[in-house]
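Worksheet: the structure to be examined is printed underneath.
Read-outs: derived from the displayed coordinates by stated rules, not from any lab. Worth saying up front: this structure is predicted, and the values here are computed from it rather than measured. With ideal geometry, Cβ positions are generated from the backbone for all residues, glycine too; neighbour counts draw on all protein chains shown.
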DNA sequence: AAAAAAATGCGACTCAGTCGCAAATAAGGA
DNA sequence: TCCTTATTTGCGACTGAGTCGCATTTTTTT
Ligand SMILES: [Mn+2]
Ligand SMILES: [Mn+2]
Ligand SMILES: [Zn+2]
Ligand SMILES: [Zn+2]
């Protein structure tokens with residue numbers, strides 16, 4: 001099991017709850033919110049958030065907030081931006097975007113607006 | 001009173017609550033959260049949010065969310081990005097930043113990371 | 001002045017997220 | 001294996017933002 005080792009590599013015990021949680025994010029093609037995950041969640045809400053925090057602190061997960069008050073989580077990979085559509089609420093990873101700010105240290109970029117589809121339909 | 005006319009120009013009745021609310025944002029130098037405003041708020045929470053929504057729909061206010069689950073509001077002026085520091089939670093307006101995404105329509109950009117001060121202290 | 005329309009306050013509610021605590025599970029040592 | 005201790009989990013209570021219905025107040029119209 002790849003995921004189990006990945007967790008243990010960060011000095012975190014690979015409990016059933018934690019493995020199943022990280023499995024969800026490994027299979028996902030895009031960032032997920034608690035609302036997205038809830039239906040298939042096997043653990044309690046408190047345990048969910050405790051483990052999410054644990055993963056984030058360990059550098060296994062990333063989180064960011066959309067403009068409609070939802071918090072999204074995804075596997076931490078290479079740094080990249082996210083686009084969130086105001087109309088259809090879709091979340092997209094934006095890879096080819098290079099932004100630097102002198103003296104600032106950028107960790108996350110969220111762009112809000114209209115996605116391709118919703119821009120066309122205007 | 002400039003503010004009263006500004007509100008009426010958008011076909012919104014300039015009630016006392018609304019004028020006082022927009023006055024707060026006019027005097028502010030940076031985006032404000034509900035938590036920031038609450039102490040000096042004269043109106044009920046529900047009225048506050050109803051009027052905020054009204055202003056946003058009318059294009060008088062902008063809103064965006066930080067990564068620490070706070071929603072910020074500010075007077076809508078020229079389009080610009082915002083930087084939110086993970087450490088000191090400061091919010092800064094970033095003016096000289098030009099980002100375009102083909103086929104997307106950008107309305108808001110939020111950058112998370114470490115601000116100048118917090119970058120130095122590392 | 002009376003009637004209609006709009007804005008407000010109040011209370012109840014939802015929902016994400018947090019926390020303390022007790023039960024359950026895992027780890028370690030004898 | 002049995003006992004002890006540390007860690008994790010579930011549960012319940014709680015907080016705080018935001019929403020909603022409804023009655024009251026304020027404003028507008030006739
Ligand atoms: Mn992504
Ligand atoms: Mn700004
Ligand atoms: Zn869209
Ligand atoms: Zn800072």
Quiz item: Does region B:16-122 come out rounded, prolate or oblate by the C-alpha gyration tensor, with a ≥ b ≥ c the root eigenvalues, rounded set by a/c under 1.5 and, if not, prolate when a/b is larger than b/c and oblate if not?
Solution: oblate
Quiz prompt | Computed E for residue B:42/residue B:87 - FRET, C-beta separation, R0 41 angstrom, nearest 0.05 | solution = 0.75
Practice problem: Report the calculated FRET efficiency for residue A:35 and residue A:97 (r = Cβ-Cβ distance, R0 = 25 Å), to the nearest 0.05. | Solution: 0.40
Self-check item: Average partner coverage of B:93-105, which counts Cβ from other chains inside 10 Å
Solution: 4
Quiz item: When chain B is modelled as a GNM with alpha-carbon springs shorter than 10 Å, which of B:97, B:22, B:41 fluctuates the most?
Solution: B:97
Self-check item: Rounded FRET efficiency, nearest 0.05, which uses the C-beta distance separating residue A:26 from residue B:78 and R0 of 45 Å
Solution: 0.60
Quiz item: How high is the relative contact order of chain B, in percent, with contacts defined as C-alpha pairs under 8 Å that are six or more residues apart?
Solution: 19
Exercise. Could you check which residue among A:76, A:38, A:30 shows the biggest mean-square fluctuation in a GNM of chain A with a 10 Å Cα cutoff?
Key: A:38
Exercise. Working from Cα positions, state the angle (0 to 90°, nearest 10) between the long axis of helix B:16-27 and the longest principal axis of chain B.
Key: 30
Exercise. For chain A, set up a Gaussian network in which alpha carbons nearer than 10 Å are linked by springs, and say which option among A:79, A:31, A:39 fluctuates the most.
Key: A:39
